[in-house]
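Novice: First, the structure itself, so that you have it in front of you.
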Amino acid sequence: MKSKHLLKRVSTVLLAVVSIALLVVGCSSSEAKGNSSENQTGEVDTKIAEEKIFTYGDTTFNAENDEANVNPHNGYAGWACIRYGIGETLFKYSDTMALEPWLATEYKNVDENTWMITLKDDVTFSSGRKLDAAAVKACIEDLVAVHKRASGDLKIQEIIADGQVLTIKTTSPVPALMNYLSDPYGCIIDMEAGITEDGNVSGTGPYIATKVETDKGVTLIKNKNYWNGTPKLDTIYVKTISNGDTLTMAMQSGELDGAYGLPYASLPLLSNEPYSISSVATSRSFFGQINYKTEALQDANVRAAIAGAIDKESFTKVLLNGNGTAAVGPFPASFAFGDSTVKAQPYDLEASKDLLSKSGWTDTDGDGYVDKNGEKLTIRWLTYPSRQELPLLAESVQASMKKIGIDVVVNCTANSKDVLTSGDWDIYASAFVCAPTGDPEYFFTTHCLDTSTKNRGGYHNDELEALEKQMSLSFDDAERERLATQMTQILLDDNGFIFASHLKMSIVSGKGVTGLVAHPCDYYVITADLDKN
Amino acid sequence: MKRYILNRIIQLIPILVGITLFSFLLMNIGSTDAVDVIESNTGGAMSALEKSQLRAELGLDKSLMEQYVVWLSNVLRGNMGTSFISSKPVMPMFLSKLPATIYLAFTSILLTLMISIPMGIFAAVKQNKFSDYLIRFLCFSGNALPNFFVSLLLIYFFAIKLKLFPVMGNNAGFKSVILPALTLTIAMASKYTRMIRTTVLEELNKDYVQGARARGIHERKILFFSVLKASMLTIVTLVGLSMGSLLGGTAIVESIFMWDGAGKMAIDAIIMRDYPVIQAYVIWMAIIYIMINLFTDIIYHYLDPRIRLGQEHE
């Protein structure tokens, strides 16, 4: 009897729940049909008639990427600050990565350790405060106090503010100081307005962040008092979408007006009307570092043979679907000291075979692989999967090397750091932004010197060490470019590093979107020119 | 009953200590740590000095046991620590992800029961008829299709082609939960339907059913008042198991639908070696499984009073 009642009650509850659920689903379906306009987010739909709204999908705005908010003084969050049009730097980069004025009008190098920067007179922060030297001083002082990378780069001893003129004194010569100040961490923010708990700031850019949510996105509104033109959009929703397929399908469904970080395989889906793609080669390069502890690789002929057997053109055109450019050195051709100024080992399989045989590596047992003293030439190629291009490069290299008789064993692991530490590798392929501030010195100091933290293979060249010392003291741009070219050529002649390709950064625009253009520095995205019609 | 529940909750303590210690040790097997991961993800180059300073800041320079003891004593004082990656307190961060996970879990379970109970019973009643074969075929297919593939198919048809639901979750109200919930439901309902069909078939062949039929009781009455009730134990077991894994988050579905839940957070934390977040997740999972097992046992007891609570300890 009791169980009968229980069962009755259970069935009634179940029936009621099912009916309610069906009702809600039914209602939501009809509602969805009614609202099948381009944007399906409730908050957006209601405003369509009155406002110009832009929804932008981005893979990078997340804590994992060290972009937890838009405060430029926090890790790499300056990238979000500048990309989303919130903050601006004193100088910016042109399309050829040359410095040009932005918030400043000019700079003067008074002596090795003193720089004088004149600021524009008509700039205000979104807080309403006028931009002057005192505001910039407060911002930079906070930056070097809390941001280790910035304080290491800038080496600031003292800042003097006088009206619109800012004088910076450094503890030692910093020839690339203006470049460093143009790094996203150099976005000038109003320290009087402060930094909110969720990492929001008041900048000078065309848009103001009203909501900052780590790993979720940023809401931006037009800065009506913008100093450099009138922003055309009223509201921008930046949404963090880490999954490439979701990003692609959100573009296709019309939920997004623009997207950054789409997988290469998705780009052909969005290459025709109403979509448009803006692409540009960046200084993010994919390259292999030779482990000089490996006996076979201490032989210059073997290194040259490997460098000459990598088919970079096919790799970029076929495997990357044209979403990369074949690299010569670390810097793309758009840089004054880039690929057009240096020469690497040309792709020539026959020449590579000759080089191997000159060093005694020939196929004596007819197994298709060269050997010497009874030992097969095997290369352990170490790489990691988080950059979609690297496993593809490993496969491409494996196929190319087989043609000259080298057996490549690929180790593509998320634990590559462990393997690097253990030393069980011969070539380590990785991705690195070689000139994030447009200056060449960074790549050499991080990778190529005895003291470099990322010189994993133990590369050393006396001449390169001496040239780097010259570069660290040179303030003349032309001289620095000449030195960079010379140093890159040394690297390429030694074949201690083999550069495969430069990443081509692509931004996709949806229907009616204009002004969304990829830039070689990769951090100017949302500008006052962005519009949607 | 109260004593039994209290005992089960007390059992949580050694389990939590054991699980968190074990996971702490596992996390530290590799030679890389959070500082290496931070360096690698930010694309910058840190000097050895900078790295050691950061390690000291994060407390990673201490021995493993010291790190564990510090963490445990903080937890006992209600402080789960600060995320190494986002520098935000773990507790509010973790709690903010739970409503989305719970919402998705309950919606999926509800949809699953709505589909699988009638389908399972129907397939059993129509055993070896066309409809049974069709349901079994659908169940095989639903089980064979991986979640990520189902979600992509659903998005393609319902979001891109028909524009009925959004691709990205949870910002469009109830509409945004449908596709992720349906993705989870398809796999679960396939499994549930098979299990319910088998259980109902077993029950239908039992003597009490033959007896009821012989006494002329209506087939539908036998099915819903005797067979279904007897099959509830299987359903409760299935729901209990599914609830545990769903409340732990479903990383792939959460990632595809941009559903900001605990599963995605846990995977990100594991990749980034964000120990404080991982440990919070481990505690959550342990609590979830123990509590769900407890509820399941209590429900067993109510459904079938022959099952006595705490019997296994006597």
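Quick note: the coordinates plus some simple rules give every number you see, no bench work behind them. All values derive from a computational prediction rather than experimental measurement. Because the Cβ atoms are built from the backbone with ideal geometry, glycine has one as well, and the counts that use them run over all protein chains shown.
Novice: Which one, A:H73, A:P184, B:L179, projects farthest toward the positive side of the charge dipole computed for the protein assembly as shown from Cβ point charges (K/R +1, D/E -1)?
Specialist: Farthest towards the positive end: B:L179.
Novice: Moving on to the next point. Just counting partner chain Cβ atoms within 10 Å, what average do the residues of peptide A:56-68 show around their Cβ? Please list the in-between numbers first.
Specialist: On the way: counts 0, 3, 0, 0, 0, 0, 4, 12, 11, 4, 8, 1, 5.
Taking all residues of A:56-68 together, the mean is 4.
Novice: Next question, about the same structure. Considering only A:L267, A:S285, A:I236, whose Cα is most displaced toward the positive end of the charge dipole of the range A:231-311, charges sitting on Cβ of Lys, Arg (+1) and Asp, Glu (-1)?
Specialist: Of the options given, the answer is A:S285.
Novice: For a quick check of your reading of the filter: which trypsin sites (Lys or Arg not before Pro) in the range A:157-239 sit in a DSSP loop and have no more than 12 other Cβ atoms within 10 Å?
Specialist: Values: sites: A:K169, A:K211, A:K216, A:K222, A:K224, A:K232, A:K239; in loops: A:K216, A:K224, A:K232.
Counting only loop positions with at most 12 other Cβ atoms within 10 Å, the trypsin sites (Lys or Arg not before Pro) in the range A:157-239 are A:K224.
Novice: The range A:258-353: which trypsin sites (Lys or Arg not before Pro) are DSSP loop and have at most 14 other beta-carbon atoms within 10 angstrom?
Specialist: Values: sites: A:R284, A:K293, A:R303, A:K312, A:K317, A:K343, A:K353; in loops: A:K293, A:K343.
For trypsin sites (Lys or Arg not before Pro) across the range A:258-353 that sit outside H, G, I, E and B with at most 14 neighbouring Cβ atoms in 10 Å, the list reads A:K293, A:K343.
Novice: So what are the radius of gyration and Dmax for the Cα set of chain A, in Å?
Specialist: Every Cα atom of chain A included, Rg and Dmax give 27.3, 98 Å.
Novice: Is the C-alpha gyration tensor of the range B:91-177 telling us rounded, prolate or oblate? Criteria: a/c under 1.5 is rounded; beyond that, a/b larger than b/c is prolate, otherwise oblate.
Specialist: Details: a/c = 2.68, a/b = 1.74, b/c = 1.54.
Judged from the Cα gyration tensor, the range B:91-177 comes out prolate (a/c at least 1.5, a/b above b/c).
Novice: How large is Rg over Rh for the range A:106-240, taking Rg from the Cα atoms and Rh as the Kirkwood inverse mean of 1/r across Cα pairs?
Specialist: On the way: Rg = 16.0 Å, Rh = 16.0 Å.
Radius of gyration over Kirkwood radius for the range A:106-240 works out to 1.00.
Novice: Based on the Kirkwood radius over alpha-carbon pairs, what value in µm²/s does the Stokes-Einstein equation return for the translational diffusion coefficient of the range A:54-102 at 25 °C and 0.890 mPa s? Can you show the working numbers first?
Specialist: Working: Rh = 11.8 Å.
For the chosen part, D equals 207 µm²/s.
Novice: Calculate the tail of P(r) for the range A:102-156: the fraction of all Cα-Cα distances greater than 12 Å, expressed in %.
Specialist: On the way: 1065 of 1485 pairs.
Counting every Cα pair in the range A:102-156, those more than 12 Å apart make up 72 percent.
Novice: Now for a different question. Set the Förster radius R0 to 30 Å, insert the Cβ-Cβ distance between A:A333 and A:Q157 as r into 1/(1 + (r/R0)^6), and round the FRET efficiency to 0.05.
Specialist: Working: r = 38 Å, r/R0 = 1.26.
It comes to 0.20.
Novice: In addition: Calculate the length of the line joining the C-alpha centroid of the range B:98-133 to that of the range B:208-254, in whole Å.
Specialist: Centre-to-centre (Cα) distance: 10 Å.
Novice: As a quick test, which of the pairs B:K126/B:K191; A:K239/B:K88; B:K51/B:K97; A:K232/B:K163 have an alpha carbon distance above 23 angstrom in this structure? Kindly include the intermediate steps, with their values, before the conclusion.
Specialist: Details: B:K126/B:K191 18 Å; A:K239/B:K88 20 Å; B:K51/B:K97 31 Å; A:K232/B:K163 28 Å.
Flagged as over cut-off: B:K51/B:K97; A:K232/B:K163.
Novice: Another one. Tell me, what is the FRET efficiency for A:K169 and B:L26 to the nearest 0.05, using R0 = 41 angstrom and their Cβ-Cβ distance as r?
Specialist: Working: r = 51 Å, r/R0 = 1.24.
Efficiency, from the Cβ-Cβ distance: 0.20.
Novice: So, by mean Cβ neighbours within 10 angstrom, what's the order for B:144-150, B:115-121, B:211-217 with the highest one leading? Before the final figure, lay out the partial values.
Specialist: Numbers: B:144-150: 14.3, B:115-121: 20.9, B:211-217: 11.1.
Highest to lowest by the protection proxy: B:115-121, B:144-150, B:211-217.
Novice: Let me ask something else about it. Could you tell me which of B:V150, B:L98, B:T112 has its Cα farthest along the dipole of the range B:8-157 towards the positive end, charges placed at Cβ (Lys, Arg +1; Asp, Glu -1), taken about the Cα centre?
Specialist: B:T112
Novice: Based on alpha-carbon centroids, what's the gap between the range A:177-214 and the range A:395-472 in Å, whole number please?
Specialist: That distance is 34 Å.
Novice: May I pose another question? For chain B, give the magnitude of the charge dipole about the Cα centre (Cβ charges: +1 Lys/Arg, -1 Asp/Glu; no others), in debye to the nearest 20. Working shown, then result.
Specialist: Working: 28 positive and 20 negative charges, 303 e Å.
It works out to roughly 1460 debye.
Novice: Using only DSSP helix segments of four residues or longer, with each worth -39500 (n - 2.57), what per-residue ellipticity at 222 nm results for the protein assembly as shown after dividing by its residue count and rounding to 500? Present the calculation step by step, with values, prior to reporting the outcome.
Specialist: Numbers: 28 runs with 381 residues, N = 847.
Result for the protein assembly as shown: -14500 deg cm²/dmol, rounded to the nearest 500.
Novice: Mind giving me the nanometre distance, one decimal, between the label points for A:E479 and A:V110, set 7 Å out from Cα along Cα→Cβ?
Specialist: That separation, rounded to one decimal, is 2.1 nm.
Novice: Across chain A, where is the longest run that never hits GluC sites (Glu not before Pro) in a DSSP loop with at most 10 other C-beta atoms within 10 Å?
Specialist: Values: sites that count: A:E50, A:E197.
In short, A:198-533.
Novice: Out of the GluC sites (Glu not before Pro) in the range B:36-137, which ones are loop residues according to DSSP with at most 10 other C-beta atoms within 10 Å? Display every interim value, and only then the final one.
Specialist: On the way: sites: B:E39, B:E50, B:E57, B:E66; in loops: none.
Of the GluC sites (Glu not before Pro), not one in the loops of the range B:36-137 has a Cβ with at most 10 other Cβ atoms within 10 Å.
Novice: Summarise the long-distance tail of P(r) for chain B by giving the % of C-alpha pairs beyond 34 Å.
Specialist: Pairs farther apart than 34 Å: 40 percent.
Novice: On a 0 to 90 degree scale, rounded to 10, what angle separates helix B:275-303 from the longest Cα axis of chain B?
Specialist: For helix B:275-303, the angle is close to 20 degrees.
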